[in-house]
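Everything on this sheet refers to the single structure shown next.
The values are calculated or read from the model by the stated rules, or taken from the named source; none is laboratory data. Here the structure is a predicted model, which is why all the values come from computation and not from measurement. Glycine also receives a Cβ, built like all others from the backbone with ideal geometry; neighbour counts cover every protein chain displayed. Accessible surface is based on the protein model in full, side chains and every heavy atom, while ligands, DNA and RNA are left aside. Shrake-Rupley method; radii C 1.70, N 1.55, O 1.52, S 1.80 Å.
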Amino acid sequence: MHKGLQTRPNFYFILLSIVQVGLNTVEAVWPLPQTFISSSEQYRLNPQTFYFGYEMQSAAQPGCTVLDSAFKRYFSLIFLDSTSGYGALRFSVDKPFGVEISVDRDDCEGYPSEDSSEKYNLTVSAGRASLNAQTVWGALRGLESFSQLVYQDDFGSYFVNKTEIEDFPRFQFRAILLDTSRHYLPVQTILKTLDAMAYNKFNVFHWHIVDDPSFPYQSRTFPDLSAKGAFHPMTHIYTQSDVRRVISHGRLRGIRILPEFDSPGHTKSWGKGQSDLLTPCYNGGIPSGTFGPINPALPSTYTFMATLFKEVSSVFPDSYIHLGGDEVDFTCWRSNPDVRAFMQAMGFGGDFTKLEAFYMENIMNITSALNKTNIVWQDVFDYHERRSSLSVVEVWKEGCYLCEVRRVAKAGLKVILASPWYLDQPGPTHNWARYYTVWPLAFKGTEEQKKLVIGGEVCMWGEYVDATNLMPRLWPRASAAAERLWSDEQQTSNVDKAFPRLQEFRCKLLRRGIQAEPLFVGHCKHEYQGI
């Protein structure tokens, strides 16, 4: 990873932000829309006469679960000080102001997918705002932008300025990874993260749900996996009901829930609830009593994995599934005489990367048969000779990550970039700029190869992260990556220009109950209330 840039903003931009906050205008929307034109002409909003509605020609109409719930949510977010709830118009001297929505497709009961359009157009003029999108998912992004345009004066009155926005994401895949194995994260913490993701226009929650330390996913088919493999079989698990809650919460915010069941390594917790799954390690020709990665030599391994993934595929509706495949330690396989005999029979000789490739090939065949698109960590690409069987490769290793992106794209495979966005390591608050000054397509390649880079991912691994420090460690640094993945690179390449906008957005996050840490000296009009 490249060294973080100095991010202390220069005096001009501090002064500029103070002046603009004083004028009660809105700096802009975060992440910055593709086209954003705002004027000083302002319109007063009164919560008693404000409403959301559907245009006559809209394919979605009242009863659309995604938009109906979004209207209630955004009414509360826009009018945070208001006691009057969302609903019928009340008597007021102010003229009504309506946000009228029109979508081309009625996908109200579906789930967002890898090819869902998030494009929208938003026009704010006297008495109304018009929001047009191809899908309800695009309409959600437009509602978020509108909510950020509303501001209050010093007397508590609400205003919005005349604005024109044409917007769409630069990358289709914009993800946050949370690790719930190294520390259990309560469901409420996950839901709050999904809220913050929606404010930042992230659209994929990569749920690294199990790993070596614990197996909190409660399987219907193999209940012992969590009963014996979780930190606690009752308090530190995700029930099927919990998982449904997370999926539903994400859907209503246009966020895909992407599960990862990483194997054959990172599986110590699996072995507690499933005997004969892990490889017995040997020392001097006798079993040592310890276990290594999943045993790839036994037919029972693949029977178990097929049954587990059949369940996982029915529980998680998204078409993508993450199979892991990283950091496999071959020491235990090498020590086991049965594994070595299997390798000789298969003609692998002493090449353990061929054994791992054999295992991953079998797992990918299982999930492909379940109509899932497989994502694997870059390790699998590095040793896999039959690369045509791979679908999506996630680049995570340090070093020249763009070289890796280029190698994967040259092989004709889709790429997700994660390397520069590992936020789990403790670091100074002001290093947000190192996550902002990432250029995912800055490698030599054809336009077709660059199109294979489908997006990026912010990773928050759990060694030193639990519910006490997740929010401030994640936000607003992840917001820097959010803009990089959504916005036009040319318009958002300057850290100094981004700073006042990000500072204002951070204050919005605080106001909405997200415990985002400070970027620099300063204050917010509404400080964090601990809600």
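When only DSSP loop residues count, what chymotrypsin sites (Phe, Trp or Tyr not before Pro) in region 149-192 have their Cβ near at most 14 other Cβ atoms within 10 Å?
Details: sites: Tyr151, Phe155, Tyr158, Phe159, Phe171, Phe173, Tyr184; in loops: Phe155, Phe171, Tyr184.
Loop-located and lightly packed - Phe155.
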remark   = Of all trypsin sites (Lys or Arg not before Pro) in region 145-251, the ones in DSSP coil with at most 11 other Cβ atoms within 10 Å are Arg220
remark   = One finds, for Asp382 and Gln240 with R0 = 22 angstrom and r their Cβ-Cβ distance, a FRET efficiency to the nearest 0.05 of 0.05
task = Sort by residue number and report every cysteine in the chain with no other cysteine beta carbon within a distance under 4.7 Å.
result = Cys459
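Near Arg251, within a Cβ-to-Cβ distance under 12 Å, what is the net charge of the other residues, with Lys and Arg +1 and Asp and Glu -1?
Working: positive: Arg244, Arg245, Arg253, Arg256; negative: Asp107, Glu109, Asp318.
For residues surrounding Arg251, the net value is +1.
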ask   = Within region 190-211, what residues put their amide N at less than 17 Å from the label point 7 Å along the Cα-to-Cβ vector of Thr65?
value = none
Matching label, volume of the Cα convex hull per residue in Å³ computed from the structure shown, candidates (1) 204; (2) 153; (3) 270 = (2)
inquiry  = Probe of 1.4 angstrom, ligands and nucleic acids ignored: what's the accessible area per residue over the chain, in square angstrom?
reply    = 40
key: Label point 7 Å beyond Cα of Thr303 along Cβ direction - residues of region 343-368 with amide nitrogen under 20 Å   = 359-360, 362-367
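What FRET efficiency, computed as 1/(1 + (r/R0)^6) with R0 = 35 Å and r the Cβ-Cβ distance, is obtained for Thr35 and His523, rounded to the nearest 0.05? Don't jump to the answer; show the numbers that get you there.
Working: r = 32 Å, r/R0 = 0.91.
Using R0 = 35 Å, I get an efficiency of 0.65.
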Cα-based helix-to-principal-axis angle, 401-410 vs the chain, degrees rounded to 10 = 80
Lys95 versus Gln188: modelled label distance in nm, points set 7 Å from Cα along the beta carbon direction = 4.5
key: Sequence-separation-based contact order of the chain, relative, with Cα cut under 8 Å and 6+ spacing, percent   = 16
remark   = Here, Glu311 and Arg220, labelled 7 Å along Cα→Cβ, have an inter-label distance in nm of 0.9
ask   = At a Förster distance of 22 Å, what's the computed FRET efficiency of Lys444 paired with Gln491, Cβ-Cβ distance as r, to 0.05?
value = 0.40
task = Would you please state which residues of region 26-65 a label at Ser82 would reach in this model, taking the label point 7 Å out along Cα→Cβ and a backbone N cut-off of under 14 Å?
result = 44-53
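Count the lysine pairs in region 311-422 that are 8 or more places apart or on different chains: how many have C-alpha atoms under 22 angstrom apart? Spell out each step's value before the answer.
Numbers: Lys354/Lys397; Lys372/Lys414; Lys397/Lys410; Lys397/Lys414.
The number of close lysine pairs in region 311-422 is 4.
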